[in-house]
Amino acid sequence: MSKKHEYGLLIDYEYCTGCYSCQVACAQEYNWPAGMGGIRVNEIIQKLPKGKHYLTYLPFPTELCVLCKPRTKKGLPPACVKHCMSGCMTYGAVEDLAKEMTKKPRMVLWVPK
Amino acid sequence: MATSKTTIHKTTTWSPGPGCHGGCGVLAHVKDGKLLKIEGDPDHPMNQGRLCARALAMTQYIDHPDRLRYPAKRAGKRGENKWERISWGEAFDLIEAKMKKIRKEHGPESMIFNVGTGRDIYAWVCMLAYAYGSPNVMFGLTGQACYGPRLASVATVQGDFSVFDAAQWFPERFDHPGYEVPECMIIWGYNIHATCPDNLFGHWITDLMKKGTKIICIDPRLSWFGSRAKYHLRLRPGTDSALIMGFLNVIITEELYDKNFLEKWTNGAHLIRNDTSKLLRESDLVENGAPKNFVAWDSTGNTTIVWDAAQVAYRDIKATPCVSGEYTVELWTGERIVCHTAWDEFCNEVNKYPLETVEKITGVPADDIKKSATFYAKAKPAAVHWGVAVDMTPAITPLVTGISALWALTGNLDIPGGNVFARFAFDVVSYALPGTKGPIKLKTEEMDKPRIGADKFMPLNKFYWRCQTDMTLDQIFTEKPYPIKGMWIQTAGIMQGLGMDPKKWRSALDKLDFIVAVDVFHTPTTQLADVVLPAGTFLEKDSFRSWWVPLQTINKVMKVDECLPDMEINFELAKRFDPDFKFETLYDLYDDILKPSGMTFKELQEKGWAYPPEGSSSCPYHRYEKGLLRPDKKPGFRTPTGLFELYSTLREEWDLEPMPHHEEPPFTPVSRPDLAKEYPLILSTGRRSPAFFHTEHRNIPWLRDIDPDPILEIHPETAEQNKIGNGEWVWIENWMGRARFKAKLTPVVPEWMVMAAHGWWFPEKKAAEPSLYGMWESNVNQMIPMNEYGKDGMGAPIKHSMCKIYKCQPGEVTHE
Ligand code: SF4
Ligand code: SF4
Ligand code: SF4
């Protein structure tokens, strides 16, 4: 793996509640104007058999995510990870996070940078 | 405070700012008196570093260009948006003079003091109202239908309120050795997002789910919980009380209840006379017997035994009271009558709800009810968390007492992981919620007499120290039995939020001689005031909170222009209105209220927060067994009998139904098939947005970006039938009026229901009337009535009305 893309964000989307803390935490940290920011939360509704549906929220890192380099350099967690109300985001080395993914389903690993 | 270094201040959230019921710990980064950033405090046991979107947006709030920054008095007509800046001195003098004139001419009760939901200012509004001499503190919702009714209902049958247990009582939280994770949790009418309702951190529930808690979700909408629930019961709005009767039916029929609890801790064995259908009292048995004592049948001695309410025990401690059966009893008059037990009466009521009947009423399949009730009853431990949906129906008490009976009969009351008694930390009470009395009181009981509705509705009389909202509104027009001349409105939105039928409120405000509004921003409500005072946010005040646990301070970290914290405003005026007001400074008052904790305000402030020690009345568990709930220290509950009352003695005395049951609300397709022909859809409202606290935050760019428009959720099939496309503007209309919303086609709502977002006004639109920030455009309250409250003066049909929907014509939409 290239040295340049070593870190990522692991999202346990089973527990993402759509609280939008990540989105606003990023906007606050980097003073993004409304409408921009490092992460956007999406609502996904899946149609299931027997007239049922399933509701998922999924945060998606945008082109503006810098993986909180200024924070992680100081040993601080990214602003979004720190404030996630559900504690469903993890920042770390891609290899470690990939290992975490083998432990439970409904996870996604983003490597935005 | 001017320094060039950034300082980090620990404090607690509560109201102005995030707007919420508060309680989490934050770190405020301040430089040169400006807020740079706000973060969750990782050391705080409540949120452990997490923080919601609204609190994280505080930099856009505190320094918002539209903040009210100095006092102002009206310069034009009401609603013209013409204001003249005045000094605090002038403002206080003006208010003092006007309000004293009203008091002199009409009596202190002619001033109403209006507060919003769960605010940090209840204590201080009461302080002001009581110093002025008025008992009329008003929460502006019809039927006061939020939280208070729940508290008052629960107090009636179990004395103290109880909440789900997420180990919030202990600083070490889930690591507390006595704690157990609930195996099952019922989430009744509550959606998570970023709400922390009633001082419970919403995301504790996700913490519990990660630890294995399985969810039963009761909600017509497909909520986040609904998707992840073991059982999702999508009931028709307003039929919650039928559903709880179904649950009770299952646990009784299947004998899934705790027999020991029933026999030992409830009044199930107390006898009810077959002839009068009233409880048999000691005064029936012996000529000078106490009417407060009740009677049971002892199977050992085959005779009656007296339950001595003062002793919280049967007179004959060796007796074995029977919880079931019919017994013939001789009265002191010599008459012989037949009696049955309260438990048999309870079971008879429950038997009226076989699951087929419940399915018919609620729309929830009988099999799902059976499986859910069985799962809850067999899970050890199991907890219930309920949202405001339970208050928003007229027959609130029959519903709430049913849910209380469920957790009590299944042995889940005050056990680890169950529903645990919630008391104010160290019994320090500033915000006297229904059921509690704090040190902030009217000077005499006599002064409470004119409280509107208190003589008519006993739950208000006994537990709930507010005036009845609907009656208050009517009294503004009728002036009977006395006129209402003024209103003090503090961080509350009677026009845009709390007030149902807002047109009626609009004309009511015109009847008043004097209106003061205290707020952070101008709103449709403040625009109708005569004096507007700028309130400080939570970062601009020293205060404390003791709403459950912990006991903690809110710390002043900055000042914004001339804004003053609510309590400082009220303190100054309280001193002016009450010559005997006994406190020099606000801190003297804080110290006085904090006395039971053994700490002064300064001492508590140094600690930040404090948890009551184990063995105290505000720390769980099993407190009714240990004698920690009652003032006399006897084991038992703080009820008239000292027992958990399956059959409410108070409600029998008040001529209200003493037991849970279902009542069909006033505006449903079942109760009003005539209206259903024209208005075929159920209109529900109030689903939470993570971006807003009710009517607030529409002016905060980061938050408005999340939820830009007033949304109406419509099922795709229903939308198709009505020829409505996603994102189109539609009218919701019923017999009261109409308002327009942006359609969101989504299967999260059933085909037969639409969900309208609440609390909408547009801070970006014109302030002056008739626009009033566009508040008439998308305010769903225009289709919800006043005066449909329950028999006990509480609860109202807010979440279940009826409507039709149709597309807006071009030119009818001014939003875009
Ligand atoms: S990691 Fe940092 S930059 Fe990226 S989304 Fe999260 S807060 Fe924004
Ligand atoms: S903060 Fe966490 S729970 Fe909230 S939306 Fe973002 S990822 Fe989801
Ligand atoms: S809503 Fe919850 S997280 Fe947000 S400020 Fe209030 S208590 Fe804290």
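The values are calculated or read from the model by the stated rules, or taken from the named source; none is laboratory data. What you are looking at is a predicted structure, and each value in this text was computed from that prediction instead of being measured. Please note: Cβ atoms are built from the backbone with ideal geometry, for glycine as well, and neighbour counts cover all protein chains shown. Calculation scope for accessible area: heavy atoms of the full protein, side chains included, ligands and nucleic acids excluded. Shrake-Rupley method; radii C 1.70, N 1.55, O 1.52, S 1.80 Å.
Structure above, values below:
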{"quantity": "Portion, in percent, of the accessible area of the range B:2-62 that falls on carbon or sulfur, probe 1.4 Å", "calculated": "55"}
{"quantity": "Simple spin-label estimate for residue B:600 and residue B:302 in nanometres, 7 Å along Cα-Cβ", "calculated": "7.0"}
{"quantity": "Calculated Rg and Dmax of chain B using C-alpha coordinates, Å", "calculated": "26.5, 89"}
{"quantity": "Percentage, to the nearest whole number, of Cα pairs in the range A:7-110 over 22 Å apart", "calculated": "31"}
{"quantity": "Residues in the range A:19-56 that a label on residue A:64 would reach, taking backbone N under 20 Å of a point 7 Å out along Cα→Cβ", "calculated": "A:19-43"}
{"quantity": "Linear extension gain, residue B:511 paired with residue B:326, 0.36 nm per residue minus alpha-carbon span", "calculated": "60.7 nm"}
{"quantity": "For residue B:145, distant residues with modelled amide H under 5 Å away", "calculated": "B:795"}
{"quantity": "Net charge of neighbours whose Cβ lies under 12 Å from the Cβ of residue B:617, counting Lys and Arg as +1 and Asp and Glu as -1", "calculated": "+2"}
{"quantity": "Spherically averaged projected area in nm², based on the convex hull that wraps the Cα atoms of the range B:519-662", "calculated": "14.6"}
{"quantity": "FRET efficiency estimate (nearest 0.05) - Cβ-Cβ, residue B:173 to residue B:32, R0 51 angstrom", "calculated": "0.90"}
{"quantity": "Chain A - Cys residues lacking any other Cys C-beta under 4.7 Å", "calculated": "A:16, A:19, A:26, A:65, A:68, A:84, A:88"}
{"quantity": "Centre separation in Å (Cα based) which lies between the range B:78-153 and the range B:490-511", "calculated": "14"}
{"quantity": "Subset of B:101/B:556; B:101/B:575; B:82/B:541; A:47/A:99 violating a 27 Å alpha-carbon distance limit", "calculated": "B:101/B:556; B:82/B:541; A:47/A:99"}
{"quantity": "√(5λ) per eigenvalue of the Cα gyration tensor, the range B:248-378, largest first, Å", "calculated": "33, 16, 11"}
{"quantity": "Net lengthening on full extension, residue B:256/residue B:286 (0.36 nm per residue, minus Cα-Cα)", "calculated": "7.0 nm"}
{"quantity": "Nitroxide proxy distance, nm - points 7 Å out along Cα→Cβ at residue B:478 and residue A:52", "calculated": "5.3"}
{"quantity": "Reach of residue B:677 by Cα under 20 Å, taken over aspartates and glutamates that are not fewer than 8 positions away in the same chain", "calculated": "B:664, B:717, B:720, B:733, B:751"}
{"quantity": "Average partner coverage of B:37-47, which counts Cβ from other chains inside 10 Å", "calculated": "2"}
{"quantity": "Cα gyration tensor category, rounded, prolate or oblate, for the range B:52-112 with a/c compared to 1.5", "calculated": "prolate"}
{"quantity": "13 Å beta-carbon shell around residue B:462, net charge (K/R +1, D/E -1)", "calculated": "+1"}
{"quantity": "Net charge over other residues, Cβ less than 11 angstrom from the Cβ of residue B:61 (K, R count +1; D, E count -1)", "calculated": "-1"}
{"quantity": "Crossing angle, helix A:21-30 versus chain A [Cα axis fit, 0-90 degrees, rounded to tens]", "calculated": "20"}
{"quantity": "The protein assembly as shown: C-alpha gyration tensor shape, a/c 1.5 cut-off, then a/b vs b/c", "calculated": "rounded"}
{"quantity": "Pairs of lysine residues in the range B:207-286 - Cα separation under 23 Å, sequence separation of 8 or more or cross-chain", "calculated": "4"}
{"quantity": "Semi-axis lengths, Å, the range B:673-807, gyration tensor of Cα atoms, sqrt of 5 times eigenvalues", "calculated": "23, 20, 14"}
{"quantity": "Cα shape, the range B:1-91, gyration tensor, a/c 1.5 rule", "calculated": "prolate"}
{"quantity": "³J(HN,Hα), Karplus 6.51/-1.76/1.60, whole Hz, each residue of the range B:233-248, x for Gly, Pro", "calculated": "9, 9, 7, 5, x, x, 10, 4, 5, 5, 5, 5, 5, x, 4, 5"}
{"quantity": "The range B:131-194: GluC sites (Glu not before Pro) in DSSP coil with no more than 12 other Cβ atoms inside 10 Å", "calculated": "B:172"}
{"quantity": "Aspartates and glutamates whose Cα lies under 17 Å from that of residue B:380, excluding same-chain neighbours fewer than 8 positions away", "calculated": "B:165, B:180, B:183, B:254, B:255, B:258, B:414"}
{"quantity": "With Cα atoms, 0 to 90° folded angle of helix B:502-511 axis to chain B main axis", "calculated": "70"}
{"quantity": "Projected label distance in nm at residue B:380 and residue B:456, using a 7 Å step from Cα toward the beta-carbon", "calculated": "4.9"}
{"quantity": "Rg/Rg_ref, the range B:345-483, where Rg_ref = 2.2 N^0.38 Å and atoms are Cα", "calculated": "1.39"}
{"quantity": "For the range B:405-548, alpha-carbon Rg relative to the globular expectation (2.2 N^0.38 Å, N residues)", "calculated": "1.30"}
{"quantity": "Relative packing of B:578-584, A:57-63, B:57-63, B:15-21, which averages over residues the other C-beta atoms within 10 Å, highest first", "calculated": "B:15-21, B:57-63, A:57-63, B:578-584"}
{"quantity": "Under the Karplus curve 6.51 cos²θ - 1.76 cosθ + 1.60, θ = phi - 60°, whole-Hz ³J(HN,Hα) for the range B:675-686, x wherever Gly or Pro sits", "calculated": "5, 4, 4, 8, 10, x, 9, 7, 9, 10, 8, x"}
{"quantity": "Signed unit charges on C-beta, dipole axis of the protein assembly as shown, positive-most listed residue B:395, A:18, B:348", "calculated": "A:18"}
{"quantity": "Förster radius 41 Å - calculated FRET efficiency between residue B:230 and residue A:76 (Cβ-Cβ, nearest 0.05)", "calculated": "0.60"}
{"quantity": "Residues in the range B:615-651 reached by a label modelled at residue B:313 [backbone nitrogen below 14 Å; 7 Å Cα→Cβ]", "calculated": "B:627, B:633-636"}
